[in-house]
Amino acid sequence: MSHTRDALFIDGQWVAAASPSTITVVSPTTEEPFGTAPHGTPADIDAAVSAARTALTDSSWAAYGPDERADAMLALAAALEARANATAALVTGEIGMPMTIARAAEGHGPAATLRYYADLARRTPVEEHRTAIGGPGVTVVRREPIGVVAAIIPWNFPQSLMMFKVAPALAAGCTLVIKPAPETALDAFQLADAASEAGLPAGVINIVPGGRETGAYLVGHPGVDKVAFTGSTAAGREIGAVCGRLLRPVTLELGGKSAAIVLDDADLTVVARGLSWASLLNNGQTCHLSTRILAPRSRYAEVVDAVADLAASMPVGDPADPATRVGPLVSARQRERVEDYIALGRTEGGRVATGGRRPDHLDRGWFVEPTVFADVDPGSRLAREEIFGPVLVVLPYDTVDDAVRLANDSEYGLGGTIWTRDHERGMDLARRIHTGSVGVNFYNLDLGSPFGGVKASGLGRELGPEGMTAYISYKSIYTRG
Ligand code: NAD
């Protein structure tokens, strides 16, 4: 099966790329070519930014009020929903995301995000009148779109993470240039098809896939007003530095190495069931996963066994098979990286409780068995660095204070989970973890509440009303009332 896209989506049109070079997406399951897409260059980015600028200032979109924007977003949601299964199949084909997850998160999830922000657009007044404090008059506070948004998307949840930017940006009245990752250049154009079908005004959404150079050119482009980035901490630091120099607003959703704290009263059946999602979602290639499992020393062996049994029980194989729970890693390079960490873990003295190898029953595809390490030093690289694959470490702790200290002793602060039979105890502990989000007895992103990181996990928040403020420029008009 080969999927081909031969044009970029700029100014509401399908246009040939300025350069003949193409991106070949390779299936991580078969190692065969899966499809091709045009590779965007600076000339294409120039055209896309220019189209987004015109749409922002001089188009029907510029004249839309919140209700018209919301109507357009609902039409876009319906068009995305109509192709949800096809989009999910593309994501599964491109990156090996198990199909059951792809259908929910990548197929149907983006429409739900759009509907949430369409509703928020209607409920957010453009102007608010405030009696001035400390002086006479009435101030009119206006919410204006921040402008042209550069959205840089990673491959791991390409549709949902793209929509975490597109939906609040549209709600605020912005226009966008989207730079998808090369690994997921094909599914990205589903949004273009949907935008055309829904009649979204030309130039509101522009899509130009490419590699990091294309992304870097877009980030620094003089026609861009705001950058929204999801990806690695290393790239986030570079983008943040550029935006700092340009004084350009930026949100950064970066990496993580979150902790799961298993309390001494936890029901290990619940823990194991929950960790299959909270620690291994999408073949371990999810930013918020609880990949450091902290277990009370009194129950350490029991927790290691429960987590190892869970990992060993998850069917590894073709991600298009609904029974599969663990698919391949996204690329040969990513598998090499994960295998290097597994080798490092062994050198650092860790004990492999399960996994650690390529599965015997699969002779092609970039698979690695779900792997659980025990007896790892909490200061080791395996225990501290983001691996981005199905590799977990289980570390012992002595007291709850000790568990909190270990959880917080990280460069990152993105997700995390607490496992206990006592909800109040879980809540108390959740309040003490230095992180952007934490789940008690499960972990599930909530579209209506802020998501993002502290420390090296990022700057700013996506989702919820807080996620929309990043796309709003506030203006105060002082009047005598
Ligand atoms: P990556 O940083 O290599 O690439 C992400 C995107 O940025 C791609 O589109 C890439 O082409 C582009 N890019 C890379 N360097 C750039 C630069 N200097 N300037 C502009 N664009 C640039 O990350 P990845 O490997 O695609 O994704 C995996 C990483 O993303 C992991 O570290 C993961 O934790 C993180 N992530 C974070 C979140 C979150 O919400 N916090 C969500 C998903 C993934």
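Some notes on this structure:
- Cα-based helix-to-principal-axis angle, 42-57 vs the chain, degrees rounded to 10: 60
- Cβ crowding within 10 Å, taken as a proxy for footprinting-reagent exposure, orders Ser473, Ser2 from fewest neighbours to most as Ser2, Ser473.
- Rounded to 5, percent antiparallel among DSSP beta bridges of the chain: 45
- With contacts taken as Cα pairs under 8 Å and at least 6 residues apart, the chain reaches a relative contact order of 18 percent.
- Restricting the calculation to alpha carbons of segment 258-446 gives Rg and Dmax of 15.5, 48 angstrom.
- Rough spin-label spacing in nm, given labels placed 7 Å along Cα→Cβ, for Ser21 and Arg237: 2.6
- Rounded to 10°, Cα long-axis angle of helix 300-313 versus longest principal axis of the chain: 60
- Extension gain, Ala332 to Thr479, is 46.7 nm, computed as 0.36 nm per intervening residue step minus the present C-alpha separation.
- Centroid-to-centroid separation of segment 27-74 and segment 196-262 [C-alpha atoms, Å]: 14
- Rounded Å value of the spacing that divides the Cα centres of segment 323-340 and segment 291-305: 25
- Convex hull of Cα atoms in the chain, direction-averaged projection (nm²): 23.5
- Once the Cβ-Cβ distance of Arg357 and Ala62 is raised to the sixth power relative to R0 = 56 Å, the FRET efficiency obtained is 0.45.
- Beta bridges per DSSP with both ends in segment 258-446, % antiparallel, nearest 5: 15
- Counting only aspartates and glutamates at least 8 places from Lys257 when in the same chain, those with an alpha carbon closer than 14 Å to its own are Glu385, Glu386, Asp409, Glu411.
- Residues of type lysines that Lys475 reaches as a straight line, Cα spacing below 24 Å, ignoring anything fewer than 8 places off in the same chain: Lys165, Lys226
- Size of segment 31-181: Rg and Dmax of its alpha carbons, in Å, are 18.6, 70.
- Between helix 185-198 and the chain there is an angle of about 40 degrees, using the helix long axis and the longest principal axis of the Cα atoms.
- In whole percents, the pair-distance distribution calculated for segment 171-305 from its alpha-carbon pairs, binned every 10 Å from zero, is 10, 28, 25, 18, 14, 4, 0.
- Sequence-distant residues sharing a close amide H with Gly439 (under 5 Å, placed H): Gly416, Thr417, Ile418
Each value in this text was obtained by applying a stated rule to the coordinates, not by laboratory testing. Owing to the predicted nature of the structure, the values given are computational and were not obtained by experimental measurement. Neighbour counts run over all protein chains shown; Cβ positions are idealised from the backbone, glycine included.
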